[in-house]
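A.B. asks: Before I ask anything, let me first share the structure, which is written out below as structure tokens.
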Amino acid sequence: MVRTAIMAAIAAVSLLAVAVAFYWLPARVEEERAANVAPAAAPPPVAVAPALPALTPEQEAALKAEAERLLAALLTLEDQLTDLNVEVWASEDWERYRQFSDDGDNTFLANDFRAAVADYTAATDLGLSLVARAADAVASSLEAAQSALVAGNADLARRQFDIVLAIEPDHAAALAGRARAERLPEVLAHLQQAEEERARGEFDAALASYSAALAIDPHWQAASTGVAEVNRVLRDAEFERVLSAGFTALTSEDFVVARERFEAALALRPSSREAQEGIAQADEGVKLDKIELAEARALAFERRELWDQAIALYRSVLESDPTLVFAQTGLERASARAGLDAKMRNLIDNPNLLLGDTVLADARALIATAVAEEQRGAVLEGQIATLTRLVEVASAPIPVRLTSDQITNVTLYRIGTLGAFDARDVELRPGTYTVIGSRDGYRDVRQTFTVRPGRNLPPISVVCVEPI
């Protein structure tokens, strides 16, 4: 309203200028002439800062005209800044711009045209810089929004996309990204569900959850990666199933079915040496005699670390001919590996057994035996790595704090006598321990506790409190 009044006043003043000049200028000239004849003594200046030099009428008119020109340009510039929604993405600079502009209006109305020009010029310079910065704001906000989207921060992504759309409402990438950010929580919920199902081994359900996420946002990379990985797991499982079915068919000497299964396995994994060998064995099945075929199949079982099947086959061969050396040595070899496999699996499936000193020592010896095997397949290698890690965990001491009353004598079985104390920290390997407290004239106290790998126990109090 102030600016509208100023523009109206400028127009009115322009109409009155001619009439005022006609009537007022002659009198003004006479007043200035009289002032030049008898000038009055000026009082001493009191301002701290030096006063600005007085303006001639021509200078003041020129400043007024410049202020009017700047004001007219600011009207257009302010409309442009409003269309760019500067208030949204540069609120502090927008407030500075409005302050400069309002100050210019106020000084203009006070006829301080020199100050008005300065304020309007400052507002113009700042406004033009904001217009120039709009493109940079679009680029930086779009980049920040895309990064937030990838990081799963829906709120930040929406805010950054909103800045872009405030400047360019039809920005295609921002519109698409804003829509994706709006749907992101639902996508992440499906993704989390898929990861949980996958961790539980529910791969079909995980695949459905990943696919549900992609149905909402086809560009969500984590979901695409999840689908690919789960499909690979399912393909691997199917490969193992049909490959095992092929070897089962070989064992039954059903060479036609065996070849079909091996071909199916090869279609799933074209570079599979086992499937290629299975096809070759099926093709040669009609040519090889029973002994040669049995040896080939037994060796195939050994390569796949299927020790029970290998043992069964060697025994079957020896039942027909106990003198066959390959079956004798093969049975001995497969039996030893089957025993090793069973022991490794037992300790891996029951890690609590490692809490005993004897079993822990046996586990270390078992690992050494496994490492010494020259023909280690993927299964044994995995067992060695897993059991080694479990032994390390079971061997790592855990700090345990015992508290007492400095009167009770404390004995920790498997460790020794600790005496009387207020508090004492001991390092104990995972396992089950019994601590006994004794004191003359009081009933002994006994506590049994178990130290678990990677878990800290609360302090254990050992105090004799019951008189005898």
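A.B. asks: Being in contact (Cβ under 8 Å) with a residue 60 or more places away in the chain and farther than 21 Å from Asp254 by Cβ narrows it down to one of Leu380, Leu313, Leu366, Leu318, so name that one.
C.D. replies: It is Leu380.
A.B. asks: Does region 126-144 include one or more residues that are under 20 Å from Leu81 (Cβ atoms), under 35 Å from the mean Cα position of the chain (by Cα) and among the polar types (S, T, N, Q)?
C.D. replies: Scanning region 126-144, I find at least one residue that is under 20 Å from Leu81 (Cβ atoms), under 35 Å from the mean Cα position of the chain (by Cα) and among the polar types (S, T, N, Q), so the answer is yes.
A.B. asks: Another one. Return a yes/no flag: does region 103-112 have any residue that is open to solvent by 60 Å² or more (accessible area, probe 1.4 Å), in a helix (DSSP H, G or I) and among the hydrophobic types (A, V, I, L, M, F, W, C). First the steps, then the outcome.
C.D. replies: Here is the first cut: in region 103-112, the residues open to solvent by 60 Å² or more (accessible area, probe 1.4 Å) are 106, 109-112.
Still in the running and in a helix (DSSP H, G or I): 106, 109.
After this cut, where a residue has to be among the hydrophobic types (A, V, I, L, M, F, W, C) as well, the list is 109.
Scanning region 103-112 turns up at least one residue that is open to solvent by 60 Å² or more (accessible area, probe 1.4 Å), in a helix (DSSP H, G or I) and among the hydrophobic types (A, V, I, L, M, F, W, C).
A.B. asks: Let me ask something else. Out of curiosity, is Arg183 under 21 Å from Glu87 (Cβ atoms) and open to solvent by 60 Å² or more (accessible area, probe 1.4 Å)?
C.D. replies: Criteria not met by Arg183.
A.B. asks: Further question on the same structure: Among all residue pairs at least 6 apart or on different chains, which show Cβ distances below 9 Å where the first residue, located in region 400-417, is in contact (Cβ under 8 Å) with a residue 24 or more places away in the chain and closer than 16 Å to Tyr433 by Cα and the second is open to solvent by 80 Å² or more (accessible area, probe 1.4 Å) and of a type in the set (S, T, N, Q)?
C.D. replies: Listed pairs, sorted by first residue: Val400/Asn456; Val410/Thr417; Thr411/Thr417.
A.B. asks: To continue, here is another question. Before we move on, is Leu84 farther than 30 Å from Val187 by Cα and crowded, with 16+ Cβ neighbours inside 10 Å? Please lay out each step first, then the result.
C.D. replies: Numbers: farther than 30 Å from Val187 by Cα: yes; crowded, with 16+ Cβ neighbours inside 10 Å: yes.
Here the answer is yes, as Leu84 does meet what is asked.
A.B. asks: Further question on the same structure: Please indicate, with yes or no, whether at least one residue in region 367-376 is within 24 Å of Thr432 (Cα to Cα), under 45 Å from the mean Cα position of the chain (by Cα) and either open to solvent by 30 Å² or more (accessible area, probe 1.4 Å) or at pLDDT below 90 (or both).
C.D. replies: No, because not a single residue in region 367-376 is within 24 Å of Thr432 (Cα to Cα), under 45 Å from the mean Cα position of the chain (by Cα) and either open to solvent by 30 Å² or more (accessible area, probe 1.4 Å) or at pLDDT below 90 (or both).
A.B. asks: List the strands (runs of 3 or more DSSP E) inside region 369-468, counting only whole elements, that have at least 1 residues being closer than 30 Å to Leu299 by Cβ and not hydroxyl-bearing (Ser, Thr, Tyr). Outline the logic, then answer.
C.D. replies: Values: elements: 398-403, 409-412, 416-419, 423-428, 431-439, 442-451.
Output list is empty.
A.B. asks: State all residues of region 288-309 that are assigned to a loop (DSSP other than H, G, I, E, B), of a type in the set (Asp, Glu) and modelled with pLDDT of 85 or more; if no residue qualifies, say none.
C.D. replies: Glu305, the sole residue that qualifies.
A.B. asks: Kindly list the number of the only condition in (1) of a type outside the set (Ser, Thr, Tyr); (2) open to solvent by 70 Å² or more (accessible area, probe 1.4 Å); (3) without any contact (Cβ under 8 Å) to a residue 24 or more places away in the chain; (4) farther than 30 Å from Arg235 by Cβ that fails for Glu202.
C.D. replies: (4)
A.B. asks: Inside region 78-119, can you point out the residues that are farther than 30 Å from Arg158 by Cβ and aliphatic (A, V, I, L, M)?
C.D. replies: Leu109, Ala110, Ala115, Ala116, Val117, Ala118
A.B. asks: Does Val257 fit the bill of being within 27 Å of Arg345 (Cβ to Cβ) and open to solvent by less than 70 Å² (accessible area, probe 1.4 Å)? Can you show your working first?
C.D. replies: Numbers: within 27 Å of Arg345 (Cβ to Cβ): no; open to solvent by less than 70 Å² (accessible area, probe 1.4 Å): yes.
Considered against the rule, which asks whether it is within 27 Å of Arg345 (Cβ to Cβ) and open to solvent by less than 70 Å² (accessible area, probe 1.4 Å), Val257 comes out as no.
A.B. asks: Now, a different point. Under the condition of being open to solvent by 20 Å² or more (accessible area, probe 1.4 Å) and aliphatic (A, V, I, L, M), which residue from region 127-143 is nearest to Ala174 (Cα to Cα)?
C.D. replies: Ranking the qualifying residues of region 127-143, first place goes to Leu142.
A.B. asks: Just checking: which of the helices (runs of 4 or more DSSP H) contained wholly in region 171-287 hold 3 or more residues that are within 30 Å of Gln146 (Cβ to Cβ) and of a type in the set (S, T, N, Q)?
C.D. replies: Per the criteria, 221-251.
A.B. asks: Which of the residues belonging to region 398-438 are among the aliphatic types (A, V, I, L, M) and either within 28 Å of Thr358 (Cβ to Cβ) or open to solvent by less than 40 Å² (accessible area, probe 1.4 Å) (or both)? Before the answer, list the steps.
C.D. replies: Start the filter on region 398-438 by keeping residues that are among the aliphatic types (A, V, I, L, M), which leaves 398, 400, 402, 407, 410, 412, 415, 418, 420, 423, 426, 428, 435-436.
Those that are among the aliphatic types (A, V, I, L, M) and either within 28 Å of Thr358 (Cβ to Cβ) or open to solvent by less than 40 Å² (accessible area, probe 1.4 Å) (or both): Ile398, Val400, Leu402, Val410, Leu412, Ile415, Leu418, Val426, Leu428, Val435, Ile436.
A.B. asks: Name every residue in region 347-359 that is touching a residue at least 40 places away in the same chain (Cβ under 8 Å), outside any loop (DSSP other than H, G, I, E, B) and not charged (D, E, K, R), in order of residue number. Before you say what the answer is, go through the steps one by one.
C.D. replies: Just the residues of region 347-359 that are touching a residue at least 40 places away in the same chain (Cβ under 8 Å), to begin with: 347-348, 351, 354-357.
Cutting the leftovers down to outside any loop (DSSP other than H, G, I, E, B) gives us 347-348, 351, 354-355, 357.
Across region 347-359, the qualifying residues are Leu347, Ile348, Pro351, Leu354, Leu355.
A.B. asks: Something else: List, please: which pairs have Cβ atoms under 8 Å, are six or more places apart or on different chains, and start with a residue in region 208-222 that is at pLDDT 85 or above and end with one that is hydrophobic (A, V, I, L, M, F, W, C) and assigned to a loop (DSSP other than H, G, I, E, B)?
C.D. replies: Hits for this filter: Ala213/Trp220.
The values are calculated or read from the model by the stated rules, or taken from the named source; none is laboratory data. In this text, all values refer to a predicted model and were calculated from it rather than measured experimentally. Heads up, the Cβs are rebuilt from the backbone with ideal geometry, glycines too, and the neighbour counts pull from every protein chain shown. Note: areas computed on protein heavy atoms with side chains; ligands, DNA, RNA excluded. Shrake-Rupley method; radii C 1.70, N 1.55, O 1.52, S 1.80 Å.
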